[in-house]
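Nothing in this text is a laboratory measurement; each read-out follows from the coordinates by a stated rule. As the structure is a prediction and not an experimental result, all values here were calculated from the model. Here the Cβ is made from the backbone with ideal geometry for all residues, glycine too, and neighbour counts use every protein chain on show.
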Amino acid sequence: MASSAQTTQAAFSLPPESITYQHNRLAASNLKRDNKLNQYTKYDFSSLWLKTPNAAVVGFIGPACQRLRVKILTVQQDAANPARYQLMGKTKVTGRVSTFSGVLVIRQIRELRQLATRVDETVSPARQEGILLADYELRENAAQSKSGIFRGVVETDWFVDKWGRLKYDDIRTTDRFCNNQFLGSWTSYTSGKALRCNWGDYRIPNSGDFDIGVGEFSPADKYLAAGWLDMRDCTFGNTNRARSAAACKREAQIWWK
């Protein structure tokens, strides 16, 4: 019988899309079959969810792919259960900022079958590479308007260097590089209605026709009105230089303070 640290059963109900994503990732041919959770709980993964500049964290909510911004402010590993982490942060949708707190529980840690060997003509720093899959439940403050609960699965890529230090895996920075892929739903406290809600570092998981970028993230034109125009004008420029400059200024705002 598997130990509690090895079980993949969620402590709360996961959206079907999250379950499918998790199943497909665990079946990937580049991963070893054994769950190494017990071996890796000696590490604190907190820093991996705090590393990326917020400008590179992109997300959407709902069928119109309304822009969602997520900022994780603090992560703390549970001393009694090192696979469990407490998170606090803020979200922003259509100008409305909400606070959240919740938990992230690592269920699976898998090692890659083959490590990166060379990166940009240098030897890879990785002694071991892999992924983790965790369930998350993040609850917005119910006293705030239009608040709810985020639930789903996150995939985070990591490596351990030759000195035994755990690192955020940005070794393979190819055109479609991404990490910290959160995939799930947001459910309103008042109506109980659930909306599809995904976000991640540099790319959004299961984004379909929304992300048309090759070298980097780029929302399709038909979604720009859902909060993405400033990002487009800042990242790719606009024939109106003043408009681009204003867009970049708004994009750089520290909205979570």
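Remarks
- Count of Lys pairs (Cα-Cα under 13 Å; at least 8 positions apart or interchain) in the chain: 9
- Nonlocal amide H pairs with Gly148, under 5 Å, H built at 1.01 Å: Glu140, Tyr189
- Top positive-direction residue, dipole computed over region 41-192 with Cβ charges, set Phe150, Leu183, Leu133: Phe150
- Helix 241-251 axis versus longest C-alpha principal axis of the chain: approximately 50°, rounded to the nearest ten.
- Rg and Dmax of the chain, Cα atoms only, in Å: 18.6, 64
- Three-way shape call for region 87-238 based on the alpha-carbon gyration tensor, with the a/c threshold at 1.5: oblate
- Dipole-positive endmost among Leu26, Gly89, Ser13 within region 11-104 (Cβ charges, Cα centre): Gly89
- For region 122-191 and region 73-95, distance of Cα centres in Å: 11
- Here the simple spin-label model places points 7 Å from the Cα toward Cβ, and for Lys193 and Thr174 these points are separated by 4.0 nm.
- Gln39-Glu216 pseudo-label distance in nm [points 7 Å out on the Cα-to-Cβ vector]: 3.7
- Spin-label model, Ala225 to Ser145: label points 7 Å out along the Cα-to-beta-carbon direction sit 2.3 nm apart.
- Think of it this way: in the chain, Cys65, Cys178, Cys197 stand alone, with no other Cys Cβ under 4.7 Å.
- Helical mean residue ellipticity (222 nm; -39500 (n - 2.57) per DSSP H run of 4+; nearest 500) of the chain: -3500 deg cm²/dmol
- In terms of its C-alpha gyration tensor, region 156-230 has an oblate overall shape, because the principal axis ratio a/c (a ≥ b ≥ c, square roots of the eigenvalues) is not below 1.5 and a/b does not outweigh b/c.
- Residues whose amide H comes within less than 5 Å of that of Arg127, counting only those at least five positions distant or on another chain, are Val160, Asp161, Lys162 (H built at 1.01 Å from N in the peptide plane).
- Computed magnitude of the charge dipole of the chain (debye, nearest 20; Cβ of K, R +1, Cβ of D, E -1): 480
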